[in-house]
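Beneath this line is the structure, given in structure tokens, with notes to follow.
The values are calculated or read from the model by the stated rules, or taken from the named source; none is laboratory data. Since the structure is predicted, the reported quantities are computational estimates derived from the model, not experimental observations. Note that we place each Cβ from the backbone using ideal geometry, even for glycine, and neighbour counts take in every protein chain shown. Calculation scope for accessible area: heavy atoms of the full protein, side chains included, ligands and nucleic acids excluded. Shrake-Rupley method; radii C 1.70, N 1.55, O 1.52, S 1.80 Å.
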Amino acid sequence: MSGLARLARTAPYPKGGEKGRFVVLTLLALPACLSSARNGQINMTKAALMAHAAVDLAAARPWAATASLAIGIALKPVALVMAALAAVTRMRLAWRLAIAGAFVFL
């Protein structure tokens, strides 16, 4: 939910409609999340971390994005795809991700 809340706050239009955007995002995400929650999978947590990373990348907060990506990789290695994409598109993030990757590996 925190990832959806941050995504709702970063959308530029309309002004002051964060609650409405949050409700719409939640209703859109709920059907996909129910099966993961029922099976006890970590997908919802990983999706929230990736949403946090996307918001932090958009806000130019590289260390916060790196932390979210590293925790996501530690939980489920499929998050490596977003981390690699972030490293390629934001070259200043690559060395931070390398350091975070070493910590995750250890």
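Two numbers describe the Cα atoms of the chain: Rg and Dmax, which are 14.6, 45 Å. Applying the criteria of a DSSP loop state and at most 14 other Cβ atoms within 10 Å to the trypsin sites (Lys or Arg not before Pro) of the stretch 1-93 yields LYS15. Surface exposure of the chain, expressed per residue as accessible area with a 1.4 Å probe, stands at 65 Å². Could you tell me which of rounded, prolate or oblate describes the stretch 29-80, using a ≥ b ≥ c as the square roots of the eigenvalues of the alpha-carbon gyration tensor, with rounded for a/c under 1.5 and, failing that, prolate when a/b is larger than b/c and oblate otherwise? Because a/c hits 1.5 or more and a/b fails to exceed b/c, the stretch 29-80 counts as oblate.
Where does each of 59-70, 26-37, 75-86 land if you order them by average Cβ count within 10 Å, highest first? Walk me through the intermediate numbers first.
Values: 59-70: 18.7, 26-37: 11.8, 75-86: 16.0.
Taking the mean over residues of other Cβ atoms within 10 Å, the ranking is 59-70, 75-86, 26-37.
Potential lengthening of the chain between CYS33 and ALA98 amounts to 20.3 nm, from the contour at 0.36 nm per residue minus the alpha-carbon distance.
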